[in-house]
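S.K.: Take this structure, written in structure tokens, and hold onto it; I'll ask about it next.
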Amino acid sequence: MAEDIIVKDSNGSQLHDGDSVTLIKDLKVKGTSETLKRGTLVKGIRLTHNPGEIECNTKQVKGLVLKTEFLKKA
């Protein structure tokens, strides 16, 4: 399943389920008027079957999928 997929952040650090990450860029959230600001800490990420994406929840948006190119390990 997701155990054999290696997921890396923008700096090349390996990510695991439950890690915390920080956004490195302001991101507009499709379908909402929310913008997640650079430096936002996202806790408790979940890996997906796609090595370029993670699932997470923020205070503003639940069930969010983020691309790993916009994240760094906290």
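The values are calculated or read from the model by the stated rules, or taken from the named source; none is laboratory data. In this text the structure is predicted, and so the values were computed from the model without any measurement. Because the Cβ atoms are built from the backbone with ideal geometry, glycine has one as well, and the counts that use them run over all protein chains shown. To get the accessible areas, we keep the full protein, side chains included, count just its heavy atoms, and leave off ligands, DNA and RNA. Shrake-Rupley method; radii C 1.70, N 1.55, O 1.52, S 1.80 Å.
S.K.: In segment 1-14, which residue that is touching a helix residue (DSSP H, G or I) at 6+ places or on another chain (Cβ under 7 Å) and not in a loop (DSSP other than H, G, I, E, B) is least open to solvent (accessible area, probe 1.4 Å)? Steps first, please.
M.R.: First, the residues of segment 1-14 that are touching a helix residue (DSSP H, G or I) at 6+ places or on another chain (Cβ under 7 Å): 7-10.
Filter once more, so that each one left must be not in a loop (DSSP other than H, G, I, E, B): 7-8.
On the way: VAL7: 1, LYS8: 103 Å².
Checked segment 1-14; the qualifying residue least open to solvent (accessible area, probe 1.4 Å) is VAL7.
S.K.: Would you pick out the residues in segment 65-74 that are open to solvent by 30 Å² or more (accessible area, probe 1.4 Å) and touching a residue at least 24 places away in the same chain (Cβ under 8 Å)? Spell out the reasoning first.
M.R.: Pass one, segment 65-74, residues open to solvent by 30 Å² or more (accessible area, probe 1.4 Å): 65, 67, 69-70, 72-74.
Correct list: GLU69, PHE70, LYS72, LYS73, ALA74.
S.K.: Within segment 36-64, can you find the residues that are part of a strand (DSSP E or B), loosely packed, with under 12 Cβ neighbours inside 10 Å and either among the β-branched types (Val, Ile, Thr) or out of contact with any Ser or Thr (no Cβ under 9 Å at 6 or more places or on another chain) (or both)? Give the derivation first.
M.R.: Looking only at segment 36-64, we keep the residues that are part of a strand (DSSP E or B), and these are 36, 41-42, 46-47, 53-56, 64.
Now drop any that are not loosely packed, with under 12 Cβ neighbours inside 10 Å, which leaves 41.
Passing the criteria: none in range.
S.K.: List, please: which pairs have Cβ atoms under 8 Å, are six or more places apart or on different chains, and start with a residue in segment 5-33 that is without any contact (Cβ under 8 Å) to a residue 40 or more places away in the chain and end with one that is of a type outside the set (Val, Ile, Thr) and part of a loop (DSSP other than H, G, I, E, B)?
M.R.: GLY18/GLY44; ASP26/LYS37; ASP26/ARG38; LYS28/GLU34; VAL29/GLN60; THR32/GLN60
S.K.: Same structure, new question: Going by what's in this entry, would THR58 be described as of a type in the set (S, T, N, Q) and without any contact (Cβ under 8 Å) to a residue 24 or more places away in the chain?
M.R.: So THR58 passes the test.
S.K.: Of everything in segment 17-30, what is out of contact with any Lys or Arg (no Cβ under 7 Å at 6 or more places or on another chain) and open to solvent by less than 90 Å² (accessible area, probe 1.4 Å)? Give them in sequence order. Working first, answer last.
M.R.: Taking segment 17-30 and keeping what is out of contact with any Lys or Arg (no Cβ under 7 Å at 6 or more places or on another chain), we get 18, 27-30.
Listed by number, the residues that qualify are GLY18, LEU27, VAL29.
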